[in-house]
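Written out below as structure tokens is the structure these notes cover.
The values are calculated or read from the model by the stated rules, or taken from the named source; none is laboratory data. Bear in mind that the values here come from a model prediction, so they are computed numbers and not experimental data. Please note: Cβ atoms are built from the backbone with ideal geometry, for glycine as well, and neighbour counts cover all protein chains shown.
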Amino acid sequence: MSPKNRSKIIALVVIVLLAVGTTGAVIWYNSGEVAKQQSQTIHSELAAPYKDGTYKAEGEYRSPAGNEKIGVTITLADNTITDVSIETFGVATSAQYQGAFKDGIGDVVVGKKADEVQVSRVSSSSLTSTGFNRALEAIKRDAKA
């Protein structure tokens, strides 16, 4: 093989390798973008659309003092909690915990998507959170679009 032909073959191999490598990189990049778009679409379709409005429910829970409940009123706009208020029914120690929960819950949930909220402890009150979460689930069922 002449040196001139060898150079042509090497140049052709380099061009083919560059073309294959570039195509592979583009496919790899686009597959990530497609997967990202598909994930966003699926998430949007699975995200529960809620009707805007104000909803009220009661949530029950058990404390050392026995069965307890709280009233929860939530305002939703674009699937986001824009306002929350709590009605307390507790007596004695339960009233203190429910009051602390009532004072702190707005800072925890307002501005968050309803489906992202799962309260565990607010202002040293952990049991009241169970009642709140149960009321929130009832509100989400009522608010389904």
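Counting just the residues of the range 89-145 that are touching a Lys or Arg at 6+ places or on another chain (Cβ under 7 Å) and among the hydrophobic types (A, V, I, L, M, F, W, C), which one comes out surrounded by the fewest Cβ atoms within 10 Å (Cβ to Cβ)? Only one residue tops the list, namely ALA145. The set of residues in the range 59-101 being under 17 Å from SER126 (Cα atoms), in a strand (DSSP E or B) and in contact with a helix residue (DSSP H, G or I) (Cβ under 8 Å, 6 or more places away or on another chain) consists of GLY59, GLU60, TYR61, ARG62, SER63, GLU68, LYS69, ILE70, GLY71, VAL72, ILE86, THR88. Within the range 63-88, being at pLDDT 95 or above, buried (at least 20 other Cβ atoms within 10 Å of the Cβ) and not β-branched (Val, Ile, Thr) holds for one residue alone: LEU76.
Considering SER124, SER120, which residue is over 21 Å from ASN79 (Cβ atoms) and in contact (Cβ under 8 Å) with a residue 24 or more places away in the chain? Don't jump to the end; show me each part of the working.
Details: SER120 fails: in contact (Cβ under 8 Å) with a residue 24 or more places away in the chain.
The conditions single out SER124.
For the range 102-145, the set of residues classified as in a strand (DSSP E or B) and hydrophobic (A, V, I, L, M, F, W, C) consists of VAL122 only.
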